[in-house]
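S.K.: Please read through the structure below; I'll follow up with questions.
The values are calculated or read from the model by the stated rules, or taken from the named source; none is laboratory data. These numbers come from a predicted model, not from an experiment. Heads up, the Cβs are rebuilt from the backbone with ideal geometry, glycines too, and the neighbour counts pull from every protein chain shown. Areas reflect the complete protein model, heavy atoms only, side chains present, ligands, DNA and RNA absent. Shrake-Rupley method; radii C 1.70, N 1.55, O 1.52, S 1.80 Å.
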Amino acid sequence: MSETILTVKKATIEYQSPSNIALVKYWGKKGVQIPMNPSISFTLSNCATTTSVEFEHSTEEEEVAFEFLFEGEPKPSFHPKLAKFFSLVTQDFPELKQYRLTINSSNSFPHSSGIASSASAMSALALCLGDFEKKLKEDNYPYNIQERVSHWARLGSGSACRSVFPGLALWGKTPEVEGSSDEFAIEVDDVAPVFKDYCDIVLLVDKGKKKISSTVGHQLMDGHPYANARINHANENLGRLMKILQKGDVDDFIEVVENEALTLHAMMLASNPGFFLIHDGTLKIIEKIRYFREQEGVKLCFTLDAGANVHLLYPKEDHDTVTAFVIENLLEYCENEAYICDSVGRGPKRLNEIYE
Ligand code: DP6
């Protein structure tokens, strides 16, 4: 069957996509962005990237011609990463090479907050491309668009494939969940009410650029002496967490989530070369969280990404108590007392779509 493909002279598509925070961590990859273990995350709400892509029809090129602007300023330093991304996406969507792209991106969170923006940025960009392809192929569009977009987002940055979905998203093949895949993430919606509006206060302990990029960090899992043990452990934690999320057991949630965060950093410490991203302030915050939980019985816990910042996770009903605790006890460890209040969100939003 021959495909009918529309030619659009000019189009603008704009998306806002949130960041996400992993509960079971993706750490280590193989092949083209295939994770060594399954991961699951909360999609956030306030920490987001807005990206608009202008598509202009031109003659077909070898590669996608594009310009990238961050907050209105050209950012050539992003070009190599984007060029690699487009070379992978055009294997699925070769018609994209007939367009010149102007990409404009901005983040809701401050420039240097130490928050990784690759998840929200690559998912926002993939969403714009997904809608554009659907428009070009109109009635002959045979794909599940969310799977396709999540797959493209993954090619840009592994964790980005989870940001395409609201609530909770799982990436990586696991016998625990039917339909799970290494290629794209899926939404997890069989979740107890308490986890549907869970809160996350991000404590900005270090707002600087990461000392080590995730890409380099993932590479250190190749030949890591504890790699197999970690992969088995992540699979076990994932299986446990799936049941916990369904049951709504917050105590068990805390146990698995904190264990995952500390294991991630333990893997970094035991890498060759070993590295540590935790600061004094990170450790102080962890101690205080645990002490407060023991003393007051408030069900807050922490998780960490590949950096010094702490994500403080807790049920919505504890919001006032936790905020008061943070202001009184934890801000002294944050750079310029900076923190961000976020919560589980509803996923990406299309902000604009114009075709000429
Ligand atoms: C520790 O998705 O940033 O945040 O695929 O190289 O872009 P690349 O890595 P990235 O890694 C995220 C690692 C993590 C854990 C997680 O989000 O699951």
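S.K.: Kindly provide the set of residues from region 106-138 that are of a type in the set (Gly, Ala, Ser), within 16 Å of the ligand (Cβ to nearest atom) and over 13 Å from Arg154 (Cα atoms), ordered by number. I'd like the intermediate steps shown before the answer.
M.R.: Taking region 106-138 first, the residues of a type in the set (Gly, Ala, Ser) are 106, 108, 112-114, 116-121, 123-124, 126, 130.
Of the ones still in play, those that are also within 16 Å of the ligand (Cβ to nearest atom) are 113-114, 116-121, 123-124, 126.
Correct list: Ser113, Gly114, Ala116, Ser117.
S.K.: Give me a count of the residues in region 299-315 that are more than 13 Å from the ligand (Cβ to nearest atom) and open to solvent by less than 60 Å² (accessible area, probe 1.4 Å).
M.R.: Filtering region 299-315 for residues more than 13 Å from the ligand (Cβ to nearest atom) gives 299-302, 310, 312-315.
Filter once more, so that each one left must be open to solvent by less than 60 Å² (accessible area, probe 1.4 Å): 300-302, 310, 312-315.
Number of matching residues: 8.
S.K.: Which of the residues spanning region 24-34 are open to solvent by less than 10 Å² (accessible area, probe 1.4 Å), within 19 Å of Gly156 (Cβ to Cβ) and within 8 Å of the ligand (Cβ to nearest atom)?
M.R.: Step one: list which residues in region 24-34 are open to solvent by less than 10 Å² (accessible area, probe 1.4 Å), which gives 24-25, 28.
Going one step further and asking which of them are within 19 Å of Gly156 (Cβ to Cβ), we end up with 25, 28.
Residue satisfying the conditions is Lys25 alone.
S.K.: Here is a follow-up. Of (1) in contact with a Leu (Cβ under 9 Å, 6 or more places away or on another chain); (2) open to solvent by 30 Å² or more (accessible area, probe 1.4 Å), Glu255 satisfies all except one. Which?
M.R.: Glu255 satisfies every listed condition except (1).
S.K.: Just one of the numbered conditions (1) more than 16 Å from the ligand (Cβ to nearest atom); (2) assigned by TED's automatic domain parsing to the domain that holds Lys173; (3) at pLDDT below 95 is not true of Phe78; which one?
M.R.: In the conditions (1) more than 16 Å from the ligand (Cβ to nearest atom); (2) assigned by TED's automatic domain parsing to the domain that holds Lys173; (3) at pLDDT below 95, Phe78 misses (1) alone.
S.K.: While we're looking at this one, here's another question. Among the residues of region 152-197, which ones are more than 13 Å from the ligand (Cβ to nearest atom), open to solvent by 10 Å² or more (accessible area, probe 1.4 Å) and outside any loop (DSSP other than H, G, I, E, B)?
M.R.: Ile186, Glu187, Val188, Pro193, Val194 - these are the residues of region 152-197 that are more than 13 Å from the ligand (Cβ to nearest atom), open to solvent by 10 Å² or more (accessible area, probe 1.4 Å) and outside any loop (DSSP other than H, G, I, E, B).
S.K.: If you don't mind, another one. Quick check: is even one residue across region 57-68 closer than 26 Å to Gly208 by Cβ and without any contact (Cβ under 8 Å) to a residue 60 or more places away in the chain? Give the steps one after another, and end with the answer.
M.R.: Applying the first criterion (closer than 26 Å to Gly208 by Cβ) to region 57-68 yields 68.
Keeping just the survivors that are without any contact (Cβ under 8 Å) to a residue 60 or more places away in the chain gives 68.
There is at least one residue in region 57-68 that is closer than 26 Å to Gly208 by Cβ and without any contact (Cβ under 8 Å) to a residue 60 or more places away in the chain.
S.K.: So, of the residues in region 67-108 that are aromatic (Phe, Trp, Tyr) and in a strand (DSSP E or B), which turns out to be surrounded by the most Cβ atoms within 10 Å (Cβ to Cβ)?
M.R.: Within region 67-108, the first condition is being aromatic (Phe, Trp, Tyr), and the residues that meet it are 68, 70, 78, 85-86, 93, 99.
Adding the requirement that they be in a strand (DSSP E or B) leaves 68, 70, 99.
Values: Phe68: 21, Phe70: 19, Tyr99: 24.
Among them, the one singled out is Tyr99.
S.K.: Is there any pair with a first residue in region 70-89 that is over 13 Å from Asn104 (Cα atoms) and a second that is at pLDDT below 95 and open to solvent by 90 Å² or more (accessible area, probe 1.4 Å) whose Cβ atoms are under 8 Å apart and which are 6 or more apart or on different chains, and what are they?
M.R.: From residues that are over 13 Å from Asn104 (Cα atoms), the pairs are Ala83/Glu63; Phe86/Glu63; Ser87/Glu63.
S.K.: Among the candidates Glu287, Glu236, Glu260, Glu296, which residue alone is touching a helix residue (DSSP H, G or I) at 6+ places or on another chain (Cβ under 9 Å) and surrounded by fewer than 20 Cβ atoms within 10 Å (Cβ to Cβ)? Write out each step before concluding.
M.R.: Numbers: Glu287 fails: touching a helix residue (DSSP H, G or I) at 6+ places or on another chain (Cβ under 9 Å); Glu236 fails: touching a helix residue (DSSP H, G or I) at 6+ places or on another chain (Cβ under 9 Å); Glu260 fails: surrounded by fewer than 20 Cβ atoms within 10 Å (Cβ to Cβ).
From the options Glu287, Glu236, Glu260, Glu296, the qualifying one is Glu296.
S.K.: Is it the case that Glu62 is among the charged types (D, E, K, R), away from the ligand (no atom under 16 Å from the Cβ), outside the structural domain of Tyr226 (by TED's automatic domain parsing) and not in a strand (DSSP E or B)? Lay out the reasoning, then the answer.
M.R.: Details: among the charged types (D, E, K, R): yes; away from the ligand (no atom under 16 Å from the Cβ): yes; outside the structural domain of Tyr226 (by TED's automatic domain parsing): yes; not in a strand (DSSP E or B): yes.
Answer is yes for this residue.
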